[in-house]
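Structure record follows, encoded as structure tokens.
The values are calculated or read from the model by the stated rules, or taken from the named source; none is laboratory data. Note that this is a predicted model, so its numbers are computed, not measured. Virtual Cβ from ideal backbone geometry, glycine too; neighbours counted across all protein chains shown.
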Amino acid sequence: MAAPIIDIRHVHRIFETEAGLAHVLHDISLTVAAGEFLAITGPSGSGKSTLMNILGCLDTPTSGTYLLEGLNVAELDDDELAEVRAERIGFVFQSFNLLPRMSVLDNVELPLVYTDCPRREREQRAVAALAAAGLPADHYDHRTNELSGGQMQRVAIARALVNDPAIILADEPTGNLDTATGRMVLETFHRLNAAGKTIVLITHDPSVAAAADRVVEIRDGRLHHPAEAATSAPAVAPVSTPAPAPAKGVSA
Ligand SMILES: Nc1ncnc2c1ncn2[C@@H]1O[C@H](COP(=O)(O)OP(=O)(O)OP(=O)(O)O)[C@@H](O)[C@H]1O
Ligand SMILES: [Mg+2]
């Protein structure tokens, strides 16, 4: 079997807060195969976004390892991390995070502005990403604050796609959408997955999670692999867990 695209082992995340240490992620081990569509589900406050921030190299584990496409993330400096985020990962959030006064096209081109991609090619790639995300072409000149929620999320998906990342990380992408619109956005993820993208979708909604190939659940910062419970061999053999290293500075 090919090496997993995401491979995290024995990850802990401990935040330093005024009230003391908050041990949010406990001994999380998870692999995601290239081309897989994984859903991570769990109740509010269980640690989903904390895990997503680590998967997206926006935060680093307090202890444990993360190999992204075989690369040990802990060994990358800030510039290299920024490069990995920009080139390998597309992010989609619940609140879309678009710039309201800019046009749809300008929003989608934004991740390319800081690269050496020529202006003309930036626009071509943005148009292709918008088409892949399913936004009708007569909306490309609109300001994003003139769009519906579902249209805004398509723009956000296009922005996540414009760098042609291997992985799309989506944190509650349907959380602000009505059921029918959410279903359309999920269909978009399915199409992208069929075209080869690895998708990790975070949701507290089991009916949204059911759209994925595989579902894992976080409860109180611990990961549960329901589908694997029935099989004899877990993906990562349990080993005795070393005590987590002392918390380092809060970097989230
Ligand atoms: N930077 C931080 N410092 C301290 N505690 C944090 C920090 N980030 C998250 N937490 C805590 O970690 C826990 C998990 O938060 P997280 O945002 O990962 O939950 P979630 O599963 O994404 O919840 P929701 O479904 O509501 O988005 C919460 O108790 C939260 O208060
Ligand atoms: Mg969250």
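For segment 38-50, name all the residues that are of a type outside the set (S, T, N, Q), outside any strand (DSSP E or B) and in contact (Cβ under 8 Å) with a residue 40 or more places away in the chain. Selection gives 42, 43, 47, 48. Scanning segment 92-105 finds one or more residues that are within 11 Å of ligand 1 (Cβ to nearest atom), surrounded by fewer than 21 Cβ atoms within 10 Å (Cβ to Cβ) and assigned to a strand (DSSP E or B). Residue-level check: of (1) out of contact with any strand residue (DSSP E or B) (no Cβ under 8 Å at 6 or more places or on another chain); (2) in contact (Cβ under 8 Å) with a residue 60 or more places away in the chain; (3) among the β-branched types (Val, Ile, Thr), residue 179 misses just (2). The helices (runs of 4 or more DSSP H) located wholly in segment 168-252 that include 1 or more residues which are among the aromatic types (Phe, Trp, Tyr) and either surrounded by fewer than 20 Cβ atoms within 10 Å (Cβ to Cβ) or at pLDDT 90 or above (or both) occupy 179-194.
Exactly one residue out of 116, 79 is more than 16 Å from ligand 2 (Cβ to nearest atom), over 16 Å from the mean Cα position of the chain (by Cα) and in a helix (DSSP H, G or I), and it is 79.
Residues of segment 60-76 being part of a helix (DSSP H, G or I) and acidic (Asp, Glu), which ones? Selection gives 75 alone. If you check residue 65 against the conditions, is it out of contact with any Ser or Thr (no Cβ under 9 Å at 6 or more places or on another chain) and either modelled with pLDDT under 95 or polar (S, T, N, Q) (or both)? Judged against the criteria, residue 65 is a match.
Being assigned to a loop (DSSP other than H, G, I, E, B), within 16 Å of ligand 2 (Cβ to nearest atom) and not aliphatic (A, V, I, L, M) is not true of residue 35. Taking every residue in segment 51-75 that is on the phi > 0 side of the Ramachandran plot and within 16 Å of ligand 2 (Cβ to nearest atom) and pairing it with any residue that is of a type outside the set (Gly, Ala, Ser) and part of a helix (DSSP H, G or I), at least 6 positions away or on another chain, yields no pair with a Cβ-Cβ distance below 8 Å. In the set 18, 75, only one residue is over 21 Å from residue 216 (Cβ atoms) and within 12 Å of ligand 1 (Cβ to nearest atom); that residue is 18.
Exactly one residue out of 35, 42 is surrounded by 16 or more Cβ atoms within 10 Å (Cβ to Cβ), within 16 Å of ligand 1 (Cβ to nearest atom), farther than 20 Å from residue 81 by Cα and not hydroxyl-bearing (Ser, Thr, Tyr): that is 42.
Yes/no per residue for (1) of a type in the set (D, E, K, R); (2) over 29 Å from residue 206 (Cα atoms):
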position	(1), (2)
9	yes, no
14	no, no
22	no, no
29	no, no
39	no, no
63	no, yes
73	no, yes
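Being out of contact with any Ser or Thr (no Cβ under 7 Å at 6 or more places or on another chain), within 28 Å of residue 151 (Cα to Cα), in a strand (DSSP E or B) and in contact (Cβ under 8 Å) with a residue 12 or more places away in the chain is a condition met by no residue of segment 8-26.
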